[in-house]
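To start, the structure itself, in structure tokens.
The values are calculated or read from the model by the stated rules, or taken from the named source; none is laboratory data. Source: prediction; values computed, not measured. Quick reminder, even Gly has a Cβ in these numbers, built from the backbone with ideal geometry, and neighbours come from all protein chains shown.
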Amino acid sequence: MEKFVVSARKYRPITFDTVVGQSHITTTLQNAIRTNHLAQAFLFCGPRGVGKTTCARILAKTINCQNLTEDISPCNECESCKSFNNNASFNIHELDAASNNSVEDIRNLTDQVRFPPQSGKYKIYIIDEVHMLSQAAFNAFLKTLEEPPSYAIFILATTEKHKILPTILSRCQIFDFNRIQIKDIADHLANVATKENIKADYQALELIAQKADGGLRDALSMFDLNVTFSSGNGLTYQAVLDNLHILDYDYYFQMTDALAESKVSEAFLLFNEILEKGFDGHQFVVGLNEHFRNLMVSKDPQTVKLLQVAESIQQRYIEQSGKLSLGYIFSSLSIGSQLDINYKSAKNQRLHVEIGLMKLAQIQQVLNLSELPSSGEEKKNTNSAVRTETISEQKPIPAAVTQTTTSQAPPSYVPTVPVVGPKNISMPNIPSPTPGFQSARPSMASSKLRSTVDIESSVFNPKTNESVPNNNADTNLFNYNEPFTFEAAQQALFAFANESDLETLRVMLKRDFELNGTTFHLHLDNQIQMDTLTQIKQDLATFLRQRLRNVSIQITAEMLETISERRPYTAQEKFEYLANKNPALYELREKLGLELVF
């Protein structure tokens, strides 16, 4: 029975042309060999499984080949190439720094460097995982690395470049290996499948390539695993999903369709199906956020290239993103990120996810509500028509009564609140606040618990007592500009102060202030009050603009300079202080001949 060789070893590249996805490095090395500009030391760094050690071996074999081809490839016929292929070359030495990281190991290496090669032009030393060397071993290696013999070349490989001493880095030519693209890995797996006479769906190979996260060695290992799992029936997309335990993209597309149509029950059933298949709820939440992120970048043709998915899946993202507004996607990302952050701390994690799904299902309804005609046009025309009919049937009303009634009736307003997004979200008519009405500004205690994303991406709707997403970051809070008195401004400040839990805030807002037109000029005592105002200034301005119905309200502040009298400290100062208040103390001291005791 023939011994099985894993694909990662069987199809390991043996020339620069067969290296996958690292053309920027292989081209540079080939040009260096062609022009005889080889450095004394190379450092290959990058993620696992991208070809660092493979390129090091190809470079070592190529520079010692005695009959290079025109495309700078080893001939595989000379003595040096044959000895390398048989793992019997005396000019190429490999050292695993993970297990040979002591000073003695480096000393043995430097002793070997002193002897020139018996055949060939160079002695090459490949040190893998070089970041595992100890501090003393690095120091012992410095001198040899800086001034090696003309025939010695060092090739260092590492996955953690930041752990290598700067003195080592400065002596090497550094080559950064990239993660291999999904298409390149899938194409390479397709070639391997063809050579092995294995039927494989290209989508299945793309799924393996994505799971490999840019590492070709991992992809080949998963390829072998799935071939064994399929038992000669070929690689199918569903078989790879089941074997690698990957949550299919189709679940996320179905979930997004259900949420966009506000079908909560369908979303719950789909989430239950995902859990029954053994997937973790947090894994689903992370994948759903990634799905919304992919939908966001799919909205613009220039950012479609940011999708780290197979080409067959890209078209599905483009199609679904065309059905959703950018405001819906932004709001979904905001809720999804909070769902991800709070998942670990939730006691009932399944319920936590289901609540998040309910919130996501309500976004579209809120957006539809925001697109209804505002009270400025359609309702105004309707009300005016009704009012005309009513007045025409009744007796004329005196002018004085009409003016009084008009001045007392509060006009309706349409708040629009800034949020990340492309559209303005307008709320329907909301009555003016009453003394028992809940403020639109959250309290200081609750605002600390809310994240920045929630504060910027929602607006409090007094009619429903909940936050409503909005998508315009530069829109004014209110669309009116009414005059107000100093007493009304003072009452608004006091109302804001009474809602606060901070004593400092209540004290500084209930003291005297100046009102210059629509500018509130506050007088503060110290830097603490100034810092507190800086934190709540935006909330205070929003509250005042809503309470006083004036969009042009601004807030300024200054610290008052207080001159405090220096208290007496020494005995002399205390006596002078008391004597200034009662000059008889001087006479008493003179008559009795008293002296101050220090």
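Figures for the structure shown
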{"quantity": "Qualifying residue in the range 302-313 (condition: among the β-branched types (Val, Ile, Thr), part of a helix (DSSP H, G or I) and at pLDDT below 90)", "calculated": "yes"}
{"quantity": "Qualifying residue in the range 474-495 (condition: within 14 Å of residue 543 (Cβ to Cβ) and modelled with pLDDT under 75)", "calculated": "yes"}
{"quantity": "Test for residue 90: is it surrounded by 17 or more Cβ atoms within 10 Å (Cβ to Cβ) and not small (Gly, Ala, Ser)", "calculated": "no"}
{"quantity": "Filter pass, residue 39 being part of a loop (DSSP other than H, G, I, E, B), assigned by TED's automatic domain parsing to the domain that holds residue 159 and closer than 22 Å to residue 171 by Cβ", "calculated": "yes"}
{"quantity": "Selection status of residue 293, out of contact with any strand residue (DSSP E or B) (no Cβ under 7 Å at 6 or more places or on another chain), in the same structural domain as residue 341 (by TED's automatic domain parsing) and at pLDDT 90 or above", "calculated": "yes"}
{"quantity": "Residue tally, condition within 13 Å of residue 185 (Cβ to Cβ), among the hydrophobic types (A, V, I, L, M, F, W, C) and not in a loop (DSSP other than H, G, I, E, B), over the range 1-23", "calculated": "1"}
{"quantity": "Residue under evaluation residue 306, criteria (1) under 24 Å from residue 183 (Cα atoms); (2) among the hydrophobic types (A, V, I, L, M, F, W, C); (3) in contact (Cβ under 8 Å) with a residue 24 or more places away in the chain, criterion not met", "calculated": "(3)"}
{"quantity": "Selection count, the range 42-71, where residues are in contact with a helix residue (DSSP H, G or I) (Cβ under 6 Å, 6 or more places away or on another chain) and under 11 Å from residue 156 (Cα atoms)", "calculated": "2"}
{"quantity": "Residue in the range 121-128 that is out of contact with any Phe, Trp or Tyr (no Cβ under 9 Å at 6 or more places or on another chain), within 30 Å of residue 78 (Cβ to Cβ), outside the structural domain of residue 37 (by TED's automatic domain parsing) and crowded, with 18+ Cβ neighbours inside 10 Å present", "calculated": "no"}
{"quantity": "Where residue 244 falls short, out of the listed (1) in contact with a Lys or Arg (Cβ under 6 Å, 6 or more places away or on another chain); (2) closer than 14 Å to residue 360 by Cα; (3) not polar (S, T, N, Q)", "calculated": "(2)"}
{"quantity": "Failed item, numbered, when residue 145 is tested on (1) without any contact (Cβ under 8 Å) to a residue 40 or more places away in the chain; (2) touching a Lys or Arg at 6+ places or on another chain (Cβ under 6 Å)", "calculated": "(1)"}
{"quantity": "Tally, over the range 297-337, of residues that are crowded, with 18+ Cβ neighbours inside 10 Å, small (Gly, Ala, Ser) and closer than 29 Å to residue 208 by Cα", "calculated": "5"}
{"quantity": "Leading residue by the ranking (nearest to residue 264 (Cα to Cα)) among those in the range 338-355 that are touching a Phe, Trp or Tyr at 6+ places or on another chain (Cβ under 9 Å) and buried (at least 16 other Cβ atoms within 10 Å of the Cβ)", "calculated": "354"}
{"quantity": "Qualifying position, being at pLDDT below 85, surrounded by fewer than 17 Cβ atoms within 10 Å (Cβ to Cβ), of a type in the set (Asp, Glu) and part of a helix (DSSP H, G or I), among 257, 242", "calculated": "242"}
{"quantity": "Flag for residue 64 being surrounded by 20 or more Cβ atoms within 10 Å (Cβ to Cβ), touching a strand residue (DSSP E or B) at 6+ places or on another chain (Cβ under 6 Å) and in the same structural domain as residue 152 (by TED's automatic domain parsing)", "calculated": "no"}
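Let's see how each residue does on (1) of a type in the set (Ser, Thr, Tyr); (2) within 25 Å of residue 301 (Cβ to Cβ); (3) touching a residue at least 40 places away in the same chain (Cβ under 8 Å); (4) assigned by TED's automatic domain parsing to the domain that holds residue 262:
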position: 329; (1), (2), (3), (4): no, yes, no, yes
position: 335; (1), (2), (3), (4): no, no, no, yes
position: 339; (1), (2), (3), (4): no, no, yes, yes
position: 345; (1), (2), (3), (4): yes, no, no, yes
position: 348; (1), (2), (3), (4): no, no, no, yes
position: 356; (1), (2), (3), (4): no, no, yes, yes
position: 362; (1), (2), (3), (4): no, no, yes, yes
position: 365; (1), (2), (3), (4): no, no, yes, yes
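Here is a yes/no grid of residues against (1) modelled with pLDDT under 85; (2) touching a Leu at 6+ places or on another chain (Cβ under 7 Å); (3) more than 30 Å from residue 212 (Cα to Cα):
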position	(1), (2), (3)
37	no, no, yes
50	no, yes, no
56	no, no, no
64	no, no, yes
86	yes, no, yes
94	no, no, no
105	no, no, yes
123	no, no, yes
133	no, no, no
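Results for (1) in a loop (DSSP other than H, G, I, E, B); (2) touching a residue at least 24 places away in the same chain (Cβ under 8 Å); (3) under 49 Å from the mean Cα position of the chain (by Cα), shown as yes or no for each residue.
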site: 66; (1), (2), (3): yes, yes, no
site: 82; (1), (2), (3): no, no, no
site: 100; (1), (2), (3): yes, no, yes
site: 108; (1), (2), (3): no, no, yes
site: 112; (1), (2), (3): no, no, no
site: 117; (1), (2), (3): yes, yes, no
